[in-house]
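Report on the following structure.
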Amino acid sequence: MLNRLDSKPYPDRHAELVKRCQQGERRAQYDLYQQYVKAMYNVCLRIVNHEAEAEDVLQEAFIDAFTHIGSFRGQSTFGAWLKQIVVNRAINHLRSRRLEFVDLETNGIGEDDGPDYADTEPYDEEGVQLEVERVRRAMCQLPEGYRVVLSLYLFEGYDHEEIGNVLKISETTSRTQYLRGKKRLIELLND
């Protein structure tokens, strides 16, 4: 009988590369970088919405990851651990650009200013067939607050509580930014 405590909860196909990186092997760092660079660049680009800035954030995130790889304990996959570093770096970069989220609860925004169609969510997401490039272009046109929340929720799999914690906004603000951002994205796609 297999002891549950002996098995890893997240089998990591790059575990051997990670181990070699932890031992200081440069070639393993390069190989691990090559495995994740494209996916992590896309994460950065979706959040910061600027190619050169996304490249800078990505490089800083990889430096952080390789500097602190000794603290990686395998409680998740290396990719999930790295993605958390990348997302945090990208969010911090946006903060340095002074991205501000308006707290809709405390400022009264959205109250008594007409019908809020985002709250009724009249769109059938299942029926909407969108081309990837069209969606990417439309996402780039969204205000940063909408784009960041949509990216974290739709592409990175964060829930609204996690988004609120990462962005230091309320869960309600995250939900409202998401709903309004989704509404605006659909409008852009239908234009």
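Read-outs: derived from the displayed coordinates by stated rules, not from any lab. For clarity, every value in this text was computed on a predicted model and none was experimentally measured. We place every Cβ from the backbone using ideal geometry, glycine too, and count neighbours over all the protein chains shown.
Ranked by the mean number of other Cβ atoms within 10 Å of their residues, highest first, the peptides 13-19, 85-91 fall in the order 85-91, 13-19. For the peptides 53-60, 136-143, 147-154, residues were scored by their other Cβ atoms within 10 Å and the scores averaged per peptide; the highest-first order is 147-154, 53-60, 136-143.
Cα to Cα, under 25 Å, and not fewer than 8 places away if on the same chain: which lysines meet these conditions relative to residue 38? Partners within reach: 19, 83. Across every pair of non-identical alpha carbons in region 11-99, the mean reciprocal distance, once inverted, gives a Kirkwood radius of 13.2 Å.
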